[in-house]
Amino acid sequence: MALTREQLAQRVARELQDGYYVNLGIGIPTLVANYVPEGIEVMLQSENGLLGMGPFPTEDEIDADMINAGKQTVTAAKGASIFSSAESFAMIRGGHVDLTVLGAFEVDVAGNIASWMIPGKLIKGMGGAMDLVAGADNIIVTMTHASKHGESKLLTKCSLPLTGVGCIKKVVTDLAYIEIHDNKFWLIERAPGVSVDDIIKLTEGELVVPDVVPEMTF
Amino acid sequence: MAGFNKIVNSYSEAMAGLKDGMTIVAGGFGLCGIPENLIAEIKRKGCRDLTIVSNNCGVDGFGLGILLEDKQIKKMVSSYVGENKLFEQQLLAGELEVELTPQGTLAEKMRAGGAGIPAFYTATGYGTPVGEGKEVREFNGRKYILEEAITGDFAIIKAWKADQYGNLVFRHTAQNFNPMAATAGKITVVEVEEIVELGSLDPAHIHTPGIYVDRLIQGSFEKRIEQRTVRSA
């Protein structure tokens, strides 16, 4: 069975380490915050200018001046700091954020990512995604392995305009956990009940498959 | 003698001198921390062919979105413009130009503009459509593109508190682009929720020193919320 959105988030959350400053993108990455392993502390960075993002506010706490990068009302956690957008992107660009999790349309064997623009469709903008992928050393991409029409999103070469070049090393899809290095995809884990053959079929770029591919457990 | 007193008495005085074809750098992220009354004054004045540098373009009927109603904007420099039907229409009709700029690069362009730095190298956007046509230079084995600073004829800013000298304090994440935008205007106009007595703000807790501020006005704000998300108590 392919992973659900919640399971995808759960799998990504296992990559969190104690003391990490983490930026979570919109969509599945946001759900990762619900699965922080017990006994560790992480601090969430929101690129509009908040380090230490708390949960959504109650009706009584709601405040128009307190939002996250998705423009949702949020709270500040105990120990949070708030700053300008320039300061926020200085910490992103400067490599101070330990882990960035974001979605994508495509990634390729060279670690390139396309996530913001589909030519012919309305282009809304890249927001902070280009800064995030350029600044972070440790990035996890979450996405479905293939499109609804069965077209692979793990490619020899991205077909869409890029968000960043040579920056992606880890991808968690609904079928597999894959690492990228030496111009190849490396299959590390598979979703429960998903066969290695299914993953090979839906991976267009060169995929290295070890003799044993462990199943994820939840 | 006005000395350092930056207070003006009306919104028309606050935006006096704004003309067709000018560039305006605006603070705000989404609808958070936007100078909503200064934007409304620009609509009342009816200036056209404006270039507006702002992370977003408001929504239909609020924030910078209202300047689209009479087609006052010629060009937007933004990182994300997806919240706005009128924007989409005018863009597709070729009535509006947009220069999409990565969010961190946009913040740094404003910061550099205000700090007298004409351009800077960043890895952001290298190898993407954003980097096309821009100078590339390698430092320590990594490639960077040259991005030019931004300044405006006007900067429009929303802060929380100010004293009459224009020392500013922002509230929560309504800070966002406002401190950089404040440095990047030839004329920087600030509207605030409260003007407090001189000396009552802690000098060490000023976000934007008054040297950047030319005009200051106290307003009242709707503060519309774009995405109201709550948890149960």
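Working only within the range B:64-100, note down all residues that are in a helix (DSSP H, G or I) and closer than 19 Å to B:Ala155 by Cα.
B:Leu64, B:Gly65, B:Ile66, B:Leu67, B:Leu68, listed by residue number.
Given (1) open to solvent by less than 50 Å² (accessible area, probe 1.4 Å); (2) more than 10 Å from chain B (Cβ to nearest Cβ); (3) touching a residue at least 60 places away in the same chain (Cβ under 8 Å), where does A:Ile26 come up short, assuming only one miss?
Only one criterion is unmet by A:Ile26, namely (1).
When you look at A:Asp131, is it among the charged types (D, E, K, R), open to solvent by 20 Å² or more (accessible area, probe 1.4 Å) and either within 14 Å of chain B (Cβ to nearest Cβ) or not in a loop (DSSP other than H, G, I, E, B) (or both), yes or no? Quick ask: steps written out before the conclusion?
Numbers: among the charged types (D, E, K, R): yes; open to solvent by 20 Å² or more (accessible area, probe 1.4 Å): no; either within 14 Å of chain B (Cβ to nearest Cβ) or not in a loop (DSSP other than H, G, I, E, B) (or both): yes.
No; evaluated as a whole, the condition is false for this residue.
Is it fair to say B:Tyr144 is in a strand (DSSP E or B), crowded, with 19+ Cβ neighbours inside 10 Å and within 10 Å of chain A (Cβ to nearest Cβ)?
yes
It is to be established whether one or more residues within the range B:131-138 are among the small types (Gly, Ala, Ser), under 24 Å from A:Asn48 (Cα atoms) and not in a loop (DSSP other than H, G, I, E, B).
yes
Out of the residues in the range B:18-40 that are open to solvent by less than 40 Å² (accessible area, probe 1.4 Å) and small (Gly, Ala, Ser), which is farthest from B:Val196 (Cα to Cα)?
Out of the qualifying residues, it is B:Gly30.
Just to be sure before I move on: is A:Met53 closer than 17 Å to A:Glu189 by Cβ and out of contact with any Asp or Glu (no Cβ under 6 Å at 6 or more places or on another chain) in the structure I sent? It would help to see each step written out before you state the result.
On the way: closer than 17 Å to A:Glu189 by Cβ: no; out of contact with any Asp or Glu (no Cβ under 6 Å at 6 or more places or on another chain): yes.
Judged against the criteria, A:Met53 is not a match.
Could you say which residue among B:Val81, B:Val98 is within 19 Å of the chain's Cα centre (by Cα) and at the interface with chain A (Cβ under 7 Å from one of its Cβ atoms)?
B:Val81
When the residues of the range A:36-67 are filtered to those that are more than 7 Å from chain B (Cβ to nearest Cβ) and assigned to a strand (DSSP E or B), which remaining residue is surrounded by the most Cβ atoms within 10 Å (Cβ to Cβ)?
Ranking the candidates gives A:Gln45 first.
Starting from the range A:190-214, take each residue that is under 12 Å from A:Leu154 (Cβ atoms) and of a type outside the set (S, T, N, Q) and list its partners that are outside any loop (DSSP other than H, G, I, E, B) and open to solvent by 50 Å² or more (accessible area, probe 1.4 Å), counting only C-beta distances under 8 angstrom and pairs at least six apart or across chains.
These pairs meet every condition: A:Ile199/A:Arg190; A:Gly205/A:Lys184; A:Glu206/A:Lys184; A:Leu207/A:Lys184; A:Leu207/A:Trp186; A:Leu207/A:Ile200.
Condition first: more than 14 Å from A:His181 (Cα to Cα) and either modelled with pLDDT under 95 or open to solvent by less than 20 Å² (accessible area, probe 1.4 Å) (or both). Now tell me which residues in the range A:151-166 satisfy that.
Answer for the range A:151-166, where residues must be more than 14 Å from A:His181 (Cα to Cα) and either modelled with pLDDT under 95 or open to solvent by less than 20 Å² (accessible area, probe 1.4 Å) (or both): A:Cys158, A:Thr163, A:Gly164.
When the residues of the range A:68-104 are narrowed to those that are farther than 23 Å from A:Ala136 by Cα and facing another protein chain (nearest Cβ under 7 Å), which ends up least open to solvent (accessible area, probe 1.4 Å)?
Among those residues, the one meeting the criterion is A:Thr73.
Where the second residue is of a type in the set (A, V, I, L, M) and open to solvent by less than 60 Å² (accessible area, probe 1.4 Å) and the first is touching a residue at least 60 places away in the same chain (Cβ under 8 Å) and in a helix (DSSP H, G or I) and lies in the range B:1-22, which pairs have Cβ atoms under 6 Å and are six or more apart or on separate chains?
B:Ala14/B:Val8; B:Ala14/B:Val189; B:Ala14/B:Ile217
Would you please list the contacts, defined by Cβ atoms under 7 Å and residues six or more apart or on different chains, that run from a residue in the range B:117-128 that is more than 7 Å from every other protein chain (Cβ to nearest Cβ) to a residue that is at pLDDT below 95 and open to solvent by 40 Å² or more (accessible area, probe 1.4 Å)?
Taking only residues 6 or more apart or on different chains, not a single pair turns up.
What tally of residues in the range B:42-65 results from selecting those that are surrounded by fewer than 24 Cβ atoms within 10 Å (Cβ to Cβ) and touching a Gly at 6+ places or on another chain (Cβ under 7 Å)?
3
Looking only at residues in the range A:134-150 that are under 14 Å from the mean Cα position of the chain (by Cα) and away from every other protein chain (no Cβ under 14 Å), which one is surrounded by the most Cβ atoms within 10 Å (Cβ to Cβ)?
Ranking the qualifying residues of the range A:134-150, first place goes to A:Val141.
Looking at the range B:70-83, which of the residues that are more than 16 Å from B:Leu50 (Cβ to Cβ) and at pLDDT below 95 is most open to solvent (accessible area, probe 1.4 Å)?
Across the range B:70-83, the extreme among qualifying residues is B:Glu83.
The values are calculated or read from the model by the stated rules, or taken from the named source; none is laboratory data. All values reported here derive from a predicted model rather than from experimental measurement. Neighbour counts run over all protein chains shown; Cβ positions are idealised from the backbone, glycine included. Only protein heavy atoms, including side chains, enter the accessible area calculation; ligands, DNA and RNA are left aside. Shrake-Rupley method; radii C 1.70, N 1.55, O 1.52, S 1.80 Å.
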